[in-house]
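Notes follow once the structure below has been shown.
The values are calculated or read from the model by the stated rules, or taken from the named source; none is laboratory data. Being a predicted model, the structure only gives us computed values, none of them experimental. When we count neighbours, we look across all protein chains shown, and the Cβ atoms used for this are built from the backbone with ideal geometry, even at glycine. Heavy atoms of the whole protein, side chains included, go into the accessibility calculation; ligands, DNA and RNA do not. Shrake-Rupley method; radii C 1.70, N 1.55, O 1.52, S 1.80 Å.
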Amino acid sequence: MGGTLSYRPRPGEIPTSPGVYRFRDENSRVLYVGKAKNLRARLSNYFAPLPSLHERTRRMVTTARSVEWTVVGSDIDALQLEYTWIKEFEPPFNVKFRDDKTYPYLAVTLADEAPRVLVTRNPRIRGAKYFGPYPKIWAVHETIDLMIKAFPIRTCSDSSYKRAMQSGRPCFPGQIGRCGGPCSGRVSIDEHRAMVNDFVSFLNGNDKRFVTEATRKMREAAAVQDYEAAARYRDRLQALEAVLDKSAVVLKDSVDADLFGLAHDELSAAVQQFIVRGGRIRGVRSWTVDKELDLSTAELVDSVLQRAYDSGGVVDIPREILVPERPEDAAELETWLAGLRGKGKVRLHTAQRGEKAALMQTAVINAKNSLMLYKTRRSADFVARSQALTDIQAAIGMEQAPLRIECFDVSHLSGTNIVASMVVFEDGLPRKDQYRRFSIAESTDDTESIYQVLSRRLAYLIEPETSEEDGAAADTDAAAEPVAKPRKFAYPPQLLIVDGGQPQVQAARRALLESGRTDIQLVGMAKRLEEIWLPDSDYPVILPRNSEALFLLQRVRDEAHRFAITYQRSKRRADISSVLTDIPGLGPARVKSLLRHFGSVAKLKQATPEAITEVAGIGPALATAIHAQLNSR
């Protein structure tokens, strides 16, 4: 892979204005859409030396064949145009949302002559006021059942209402006490409208007034011995308190806010939204996000807020939105959200301390659990695993499903500290007790490293031939002398995966041929478009991006990458620790304190002697010796 891209524009050709950019592939398909306050500064990040880019960013820019941009008048225009194009083109490298807009809402049709309350998943009912979303549909029905006891408003369908008003006979729900609209014959249209307003006001968080009023009227009725009225107010008070008990008090009564908790790894992210109105959690919403590029938390927040407050759906934007990190264009997002809200400003910020920070931590914990559950369900589901293994068998032409898969990855730091990993999956699940790691003393490139590692691994599969007589003798002597268990490392895989394309596959094939193993299927998994390369094929196998087979292969490949990186980092720490422990007066405890304080070896090497003395137990003379030792290497 070369260090530069052929389609890279000259820096002087890129404007410094705000705008939106698009990467396209050779078929002009839009691969990625992004926005920037300064197009030149942002695009220069994508055209940095390829080895310095994150692997998924590198895959995107090497897949692309052109980049284009559109200059806009302001950062707000860039934000809106970016979201419009993401919805229009559905670029494969932008984040993909799952399970969005599937939650039930409680809606009040305020535009009707006699508004009704209903459960709906339709976010576009004209003039409706929405509450929620609710995590389960039964939770909405339960809330409605309690609320209509306190505020008996219309629940019947529009056809039932129209028929009842024309005939003068109460609707059927009204006859059984389930509808309190004008169609029931108990209230006028104006009286019903006033009750609807109270219903909406209560759900908006103004609950104290109604509880206080119901308590006062109950006592007044009891004082004048109007026990029937007192009983009605008692029942209403109990219904109100039951609704309040269903929503936990988390913040002050005056707080209306949305909180977004995020948890993410290299492939996926989970979002947990708490909808707080009147200091109570009135709704919970969660969804998962598939990541193609390496996005920071702040960049994810940007995408999540755009999707959460999509103007095409239910828009209930509070004054305050709490997020884990403020995105770079927070001011523009606030302006955009204020425009959608239509009244007042919207404040986007992080919670540093107090009750809001505690609630944010709860949202983050829920997001972490959701992410873990999402991955666990896909990995642990026997049907999904079986389907994945069957699809892999069919896609690469194996005679049987690969019940044991081994994957190898090589990791190094600028050609030094070369290590490799081997991870094992059996029946689609990781067998961590059978993972192996390799140190490579000397190698010219990744293909040579792959060849060396596989040659060493395959050597363990060479077993001495056993004749039938030897086998019979072994059976005869079995009672007298126990047979040793086979080594775990000696089990052959049905499928062997190397991280890379055809060069890595050919290197692995050479190792297989030299070891005499023709019964092991070999493939390479290239990061460019998640292509599956076979040894004798000029074209890769492309699996559907949402398939269980691709998810399993990605998980195996990323697990091998993680295991290799972990080993390489531990070796680098060991190397630097050995160098530091050679300094008189610097033992293991102080080395550990140094690395904990600076966070990485690179930062420690860049530190001045004065900065090193800030670590407990390190004096000026010792700090000078550490600085000299590190910078002499």
- Message: Could you tell me how many of the residues in segment 398-414 are open to solvent by 60 Å² or more (accessible area, probe 1.4 Å) and either part of a strand (DSSP E or B) or over 30 Å from SER570 (Cα atoms) (or both)?
- Response: 5
- Task: Select the helices (runs of 4 or more DSSP H) contained entirely in segment 446-524, then report the ones holding at least 3 residues which are at pLDDT 50 or above.
- Result: 446-459, 502-515
- Taking segment 359-369 as the search range and keeping residues that are at pLDDT 80 or above and farther than 22 Å from ILE317 by Cα, which one is surrounded by the most Cβ atoms within 10 Å (Cβ to Cβ)? LYS368
- Query: Of GLU82, GLU90, which residue is farther than 30 Å from ASP158 by Cα and buried (at least 19 other Cβ atoms within 10 Å of the Cβ)?
  - Reply: GLU82
- Going through segment 1-50 in order, the residues found to be among the charged types (D, E, K, R) and surrounded by 12 or more Cβ atoms within 10 Å (Cβ to Cβ) are ARG8, ARG22, ARG24, ASP25, ARG29, LYS35, LYS37, ARG40, ARG42
- Query: more than 23 Å from the chain's Cα centre (by Cα), modelled with pLDDT of 80 or more and of a type in the set (D, E, K, R): does that describe ARG326?
  - Reply: no
- Return yes or no: is ARG353 open to solvent by 70 Å² or more (accessible area, probe 1.4 Å) and free of Cβ contacts under 8 Å to residues at least 40 places away in the same chain? yes
- Item | Looking only at segment 238-294, and only at residues there that are modelled with pLDDT of 75 or more and of a type in the set (Ser, Thr, Tyr), the one that is farthest from PHE210 (Cα to Cα) | SER268
- Using the structure shown, decide if PRO18 is in contact with a helix residue (DSSP H, G or I) (Cβ under 7 Å, 6 or more places away or on another chain) and modelled with pLDDT under 85. no
- Selection over segment 370-382 where residues are open to solvent by 80 Å² or more (accessible area, probe 1.4 Å) and either in contact with a helix residue (DSSP H, G or I) (Cβ under 6 Å, 6 or more places away or on another chain) or at pLDDT 75 or above (or both) yields a count of 2
- Note on the structure: Within segment 51-79, the residues that are among the charged types (D, E, K, R), open to solvent by 20 Å² or more (accessible area, probe 1.4 Å) and farther than 17 Å from GLU299 by Cα are GLU55, ARG58, ARG65, GLU68, ASP77
- On the given criteria, is VAL108 at pLDDT 75 or above and of a type in the set (A, V, I, L, M, F, W, C)? yes
- Task: Restricting attention to segment 308-343, report how many residues are of a type outside the set (A, V, I, L, M, F, W, C), in contact with a helix residue (DSSP H, G or I) (Cβ under 7 Å, 6 or more places away or on another chain) and open to solvent by 30 Å² or more (accessible area, probe 1.4 Å).
- Result: 6
- Got a number for residues in segment 415-433 being open to solvent by 10 Å² or more (accessible area, probe 1.4 Å) and at pLDDT 85 or above? 7
- Task: Select the helices (runs of 4 or more DSSP H) contained entirely in segment 565-633, then report the ones holding at least 3 residues which are modelled with pLDDT of 80 or more and open to solvent by 60 Å² or more (accessible area, probe 1.4 Å).
- Result: 620-631
- So how many residues does segment 327-367 have that are of a type outside the set (A, V, I, L, M) and within 23 Å of THR288 (Cβ to Cβ)? 5
- Only one of ARG209, ARG216 is surrounded by fewer than 16 Cβ atoms within 10 Å (Cβ to Cβ), modelled with pLDDT under 85 and within 25 Å of ILE275 (Cβ to Cβ), namely ARG209
- Of the residues in segment 158-188, those that are among the small types (Gly, Ala, Ser), exposed (fewer than 14 other Cβ atoms within 10 Å of the Cβ) and at pLDDT 85 or above come to SER159, SER167, GLY168, SER188
- Query: For ALA128, which of the numbered conditions (1) modelled with pLDDT of 85 or more; (2) surrounded by fewer than 20 Cβ atoms within 10 Å (Cβ to Cβ); (3) of a type outside the set (Lys, Arg) fails to hold?
  - Reply: (2)
